[in-house]
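K.L.:
Could you have a look at this structure, given as structure tokens, before my questions?
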Amino acid sequence: MQLERYQPCIEALKACIAACEHCAQACKEENSPLHMQRCIQLDTDCTDYCKLTLSFVQRESAFTELVLEDCAEVCKLCAEACLEHDVDHCQQCAQACQACVDACLLATIH
């Protein structure tokens, strides 16, 4: 495997992790955190899955492409949940998640 081939994906994963961590924390501080519960859960799951995916990519695992496909699905669901909330941190998170979806899927194309 050529790690440089995955560089755009690595950057998108890192950006998604940062955006999801920020979004989850900001959602907890909203006036109605119960209303944001699904968003917080998906942000947390997306963060964990992106970290796992980043690990697989960076160590050039034989399962990288499989994990990238799953990561794209997790990020897609997180983006959809964030888009339901009209607050800046959720909108920014949705953008980072969608960029990660695109980067993960592009990285699986030979």
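Since every read-out is calculated from the coordinates, none of them should be taken as a lab result. Remember, predicted model here, so these are calculated numbers, not experimental data. Because the Cβ atoms are built from the backbone with ideal geometry, glycine has one as well, and the counts that use them run over all protein chains shown.
K.L.:
List residues of region 71-105, by number, whose backbone nitrogen lies under 15 Å from a label position 7 Å along Cα→C-beta of residue 18.
P.N.:
92-97, 99-100
K.L.:
Rg (Å, one decimal) plus Dmax (Å, integer) for the alpha carbons of region 45-110?
P.N.:
12.2, 40
K.L.:
Return the ratio Rg/(2.2 N^0.38 Å) for region 1-65, where Rg is computed over Cα atoms only. Kindly include the intermediate steps, with their values, before the conclusion.
P.N.:
On the way: Rg = 14.3 Å, N = 65, 2.2 N^0.38 = 10.7 Å.
Expressed relative to 2.2 N^0.38 Å, the Cα Rg reads 1.33.
K.L.:
For helix 64-83, what angle does its Cα long axis make with the longest principal axis of the chain, in degrees from 0 to 90 and rounded to 10?
P.N.:
Around 20 degrees separate the two axes.
K.L.:
With angles folded into 0 to 90 degrees, how steeply does helix 7-28 sit against the dominant principal axis of the chain? Use alpha carbons for both and round to 10.
P.N.:
20 degrees
K.L.:
Continuing with the same structure: What angle do you read, to the nearest 10 degrees and between 0 and 90, between the alpha-carbon axis of helix 88-107 and the longest principal axis of the chain?
P.N.:
20 degrees
K.L.:
While we're here: Sum up the charges of everything whose Cβ sits under 13 Å from the Cβ of residue 55, counting Lys and Arg as +1 and Asp and Glu as -1, but leave residue 55 out. Please report the intermediate quantities before stating the final value.
P.N.:
Numbers: positive: 14, 51, 59; negative: 48, 60.
Result for the neighbourhood of residue 55: +1.
K.L.:
If you don't mind, another one. Cut-off under 16 Å on the C-alpha distance; same-chain residues fewer than 8 positions from residue 51 excluded. Which aspartates and glutamates are left, in chain and number order?
P.N.:
Hits, sequence-local ones excluded: 11, 21, 43, 60, 65, 69, 70, 73.
K.L.:
Per residue, how big is the convex hull of the chain when only Cα atoms are used? Give it in Å³.
P.N.:
Convex hull volume per residue, Cα atoms: 72 Å³.
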